[in-house]
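Read through the structure below, which is laid out as structure tokens, and then see the notes.
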Amino acid sequence: MERDIKNILSHFNIEGQYLGNEKVNTGHINDSYLIKTNSTNHPGYFLQWVNNYIFKDVEGLMNNIAIVTGHLARKLIENDKLVFKVLEIIPDNDGKKFYIDGEGNYWRLYTYIDKMHGYDVVENTKIAYEGGKAFGIFMSLLADLPADTLTETIPDFHNMEKRLETFYTSLKNNPANRVKDIPAEIDFIKSRVEQMLTIPALIKSGKLPVRITHNDTKFNNILFDETEHAMSIVDLDTVMPGSILFDFGDAIRTGANTAIEDEKDLSKVDINLPIYEAYTQGFINSTRHTLTEVEIENLAFSARFMTFIIGLRFLTDFIDGDPYFRTLYPHHNLNRAKVQFRLVEQMELNASKMHEIVLQSLEK
Ligand code: GN1
Ligand code: MG
């Protein structure tokens, strides 16, 4: 879809003159653009179209982000040893945190965090350690923000029971006539349901604490500077009450996979144990005072849990005809699901080693 970015930008209060934009290919949900201006102070901005089909309450979502970034900024001033950059919302010309164009599209603007980069595949253990530490610090800094100040931007986001119900409904309705293509994947899911339901049971019984978590800790949502220090956590759309297991698990799913999320050659998909170990050490070093016994006991398993639930969501979207995740070819979601399930299998083979690494990291 061709969009008039210059016109959209004219509704925001930016410094300098608009010079042009570059589409940034990141994420499966929103569309992102890097905006260039002639201002020396603010040479770059980050414009996003917020997907209102998925985020039904954009106002609530933007309020969440304002609360979270405000809280983080205050914490960083109090704690001057921590060097981090926090996203900064640029209001529209009416002072709103987003702008709605004539077609009902939602837009938001951030200042651009300059000279930073992310990783789709993590190159070395130093980066993994830094990433783990950064997500741990992020969660720790938000620990004293009352959870009920935030709106649930996507209800039941990592609720395995609900995700399974939705999957079974899609199987039954078979709207795109694709169920015939996935017998192996259906068996894969069915044979692991019982084990996967242990996490929602722990949450329901109150044995797993609910905290404010990020909930979309893809490794590439950590920005690094030129000296490979983790400098910022981005993509705050789903910051809301959740379990620490969601954040740890999703970062391992993405950071410690030897292949990319939609790799076509499944033999390349494996768990990279040195990367896993380094991430775990970084994460534990910044959260060890908060972690409960039940969280520790399930930390290694959370990687499998998150890989499974996101595989389940990719597969459900494939069955439904791809209404949710952006796809580039007809079997893209199926391919993504296959990668996730292959990674689950590899993690099953390494389950005891992964748990051992958690316990060893706590000793160090
Ligand atoms: C989506 O768009 P992106 O890449 O930030 C999704 C995550 C999935 C991820 C899979 C709101 O995140 O939950 O883990 O794709 N975000 C939403 O790559 O559904
Ligand atoms: Mg996201």
Do you know which residues across the stretch 289-300 are at pLDDT 95 or above and outside any helix (DSSP H, G or I)? LEU291, THR292
Take LEU34 and tell me if it is buried (at least 17 other Cβ atoms within 10 Å of the Cβ) and touching a residue at least 24 places away in the same chain (Cβ under 8 Å). no
Can you confirm whether the stretch 148-157 contains a residue that is of a type outside the set (Asp, Glu) and either more than 18 Å from the chain's Cα centre (by Cα) or in a helix (DSSP H, G or I) (or both)? yes
Looking only at the stretch 283-325, filter to residues that are within 24 Å of VAL344 (Cβ to Cβ) and in contact with a strand residue (DSSP E or B) (Cβ under 9 Å, 6 or more places away or on another chain); which one of those is nearest to ligand 1 (Cβ to nearest atom)? THR307
Would you mind telling me which numbered condition in (1) open to solvent by 40 Å² or more (accessible area, probe 1.4 Å); (2) assigned to a loop (DSSP other than H, G, I, E, B); (3) away from ligand 2 (no atom under 14 Å from the Cβ) THR26 fails? (3)
Checking SER232 against (1) touching a Lys or Arg at 6+ places or on another chain (Cβ under 8 Å); (2) open to solvent by 10 Å² or more (accessible area, probe 1.4 Å), which single condition isn't satisfied? (2)
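Yes/no matrix, rows are residues, columns are (1) under 17 Å from ASP216 (Cβ atoms); (2) of a type in the set (A, V, I, L, M, F, W, C):
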{"residue": "THR26", "(1), (2)": "yes, no"}
{"residue": "ASN51", "(1), (2)": "yes, no"}
{"residue": "PHE55", "(1), (2)": "yes, yes"}
{"residue": "VAL58", "(1), (2)": "yes, yes"}
{"residue": "GLU78", "(1), (2)": "no, no"}
{"residue": "LYS96", "(1), (2)": "no, no"}
{"residue": "TRP107", "(1), (2)": "no, yes"}
{"residue": "ILE113", "(1), (2)": "no, yes"}
Being within 30 Å of LEU142 (Cα to Cα) and out of contact with any Phe, Trp or Tyr (no Cβ under 8 Å at 6 or more places or on another chain) is the filter here, so list the residues in the stretch 9-41 that pass it. ASN13, ASN25, THR26, GLY27, ASN41
Scan the stretch 316-341 for residues that are in contact with a helix residue (DSSP H, G or I) (Cβ under 6 Å, 6 or more places away or on another chain), within 16 Å of ARG178 (Cα to Cα) and open to solvent by less than 20 Å² (accessible area, probe 1.4 Å) and report the count. 8
Among the residues of the stretch 292-315, count how many are within 14 Å of MET196 (Cβ to Cβ), of a type in the set (S, T, N, Q) and open to solvent by 10 Å² or more (accessible area, probe 1.4 Å). 1
PHE224 vs. criteria among the aromatic types (Phe, Trp, Tyr) and in contact with a strand residue (DSSP E or B) (Cβ under 7 Å, 6 or more places away or on another chain): yes
Filter the stretch 224-260 down to the residues that are within 14 Å of ligand 2 (Cβ to nearest atom) and either aromatic (Phe, Trp, Tyr) or farther than 29 Å from VAL294 by Cβ (or both) and list them by number. VAL234, PHE246
Matching helices (runs of 4 or more DSSP H) fully within the stretch 177-277 where at least 3 residues are within 16 Å of ligand 1 (Cβ to nearest atom): 244-255
Can GLU15 be described as surrounded by 14 or more Cβ atoms within 10 Å (Cβ to Cβ), of a type in the set (Asp, Glu) and away from ligand 2 (no atom under 16 Å from the Cβ)? yes
Can you pull out the residues in the stretch 110-129 that are at pLDDT 90 or above and open to solvent by 20 Å² or more (accessible area, probe 1.4 Å)? HIS117, GLY118, ASN124, THR125, LYS126, TYR129
The one condition in (1) surrounded by fewer than 16 Cβ atoms within 10 Å (Cβ to Cβ); (2) part of a strand (DSSP E or B); (3) not acidic (Asp, Glu) that TRP107 fails to fulfil: (1)
Would you check if LYS85 is modelled with pLDDT of 95 or more, part of a loop (DSSP other than H, G, I, E, B) and either touching a Lys or Arg at 6+ places or on another chain (Cβ under 9 Å) or not aliphatic (A, V, I, L, M) (or both)? no
Just to be sure I understand the filter: pairs with C-beta atoms under 7 Å, separated by 6 or more residues or on different chains, first member in the stretch 348-364 and among the polar types (S, T, N, Q), second member not in a helix (DSSP H, G or I). Which pairs pass? ASN350/ILE271
If you check ILE100 against the conditions, is it within 26 Å of the chain's Cα centre (by Cα), open to solvent by 60 Å² or more (accessible area, probe 1.4 Å) and away from ligand 2 (no atom under 16 Å from the Cβ)? yes
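The values are calculated or read from the model by the stated rules, or taken from the named source; none is laboratory data. None of the values given here were measured: they were computed from a predicted structure. Here Cβ is always computed from backbone atoms with ideal geometry, including for glycine, and neighbour counts include all displayed protein chains. Remember, those area values only see protein heavy atoms, side chains included, never the ligands or the DNA or RNA. Shrake-Rupley method; radii C 1.70, N 1.55, O 1.52, S 1.80 Å.
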